[in-house]
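One structure is given below, encoded as structure tokens.
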């Protein structure tokens with residue numbers, strides 16, 4: 001008997017509605033048609049094992065959110081533009097780029113580096129990454145750096161300058177400026193707030 005594995009990916013209806021409201025070009029309006037696809041969807045099929053590997057590797061929820069956004073865009077747009085057997089940023093490549101970002105947070109990551117990881121030109125990578133995640137690669141990378149900094153500020157006793165350096169900020173001033181822009185407070189204030197006495 002052949003072994004069969006089934007993966008269930010649940011996307012919140014509210015996420016689908018919000019995406020459809022923000023993208024007037026979306027042609028799918030009856031979301032109930034997405035509940036039981038009548039044809040094999042290679043993009044969703046590729047997403048399932050990628051998510052399982054990410055879970056086994058212990059990656060954060062940010063990884064899953066990125067995959068969910070990509071899958072939402074795929075389901076609500078015409079499929080012929082997003083087939084994984086055509087050149088483009090398919091789910092495997094998207095998750096590979098995010099993984100590359102995470103592994104190189106402490107170093108200078110360029111748009112060329114990320115595009116190379118995705119096997120795309122800079123232009124096509126930038127356009128397709130933004131379509132898949134709703135953010136530019138640089139915005140996404142910065143959010144990953146801030147997310148990691150928040151975790152380190154909460155769980156480690158490293159100097160704030162060391163945390164900034166580990167997360168790819170070239171100097172303490174840059175770290176403080178970007179952190180405050182995203183979190184509304186300084187790294188030191190965040191550390192104090194996250195560690196109530």
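The values are calculated or read from the model by the stated rules, or taken from the named source; none is laboratory data. Here the structure is a predicted model, which means the values were calculated and not measured. With ideal geometry, Cβ positions are generated from the backbone for all residues, glycine too; neighbour counts draw on all protein chains shown.
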Note to self: Here is a list: 87, 91. Which entry is farther than 30 Å from residue 17 by Cβ and at pLDDT below 90?
What the structure shows: 87
Check: Within segment 140-162, is there a residue that is more than 16 Å from the chain's Cα centre (by Cα) and under 23 Å from residue 72 (Cα atoms)?
Finding: no
Next item on the list: Assess whether residue 113 counts as being free of Cβ contacts under 8 Å to residues at least 40 places away in the same chain, part of a helix (DSSP H, G or I) and either under 25 Å from residue 73 (Cβ atoms) or within 18 Å of the chain's Cα centre (by Cα) (or both).
Entry: yes
Notebook entry, point to check: Only one residue in 149, 106 is part of a helix (DSSP H, G or I) and at pLDDT 90 or above, so which one is that?
Noted result: 149
Margin query: Quick check on segment 65-80. Is at least one of its residues modelled with pLDDT under 70, closer than 21 Å to residue 129 by Cβ and either outside any loop (DSSP other than H, G, I, E, B) or touching a helix residue (DSSP H, G or I) at 6+ places or on another chain (Cβ under 6 Å) (or both)?
Written below: yes
Note to self: Pull out all pairs, ordered by first then second residue, where Cβ-Cβ is under 9 Å, the residues are six or more apart or on different chains, the first lies in segment 152-176 and is on the phi > 0 side of the Ramachandran plot, and the second is in a loop (DSSP other than H, G, I, E, B).
What the structure shows: 168/104; 168/105; 168/106; 168/107; 168/108; 168/109
Notebook entry, point to check: What do you reckon, is residue 152 within 21 Å of residue 66 (Cβ to Cβ), crowded, with 17+ Cβ neighbours inside 10 Å and assigned by TED's automatic domain parsing to the domain that holds residue 64?
Noted result: no
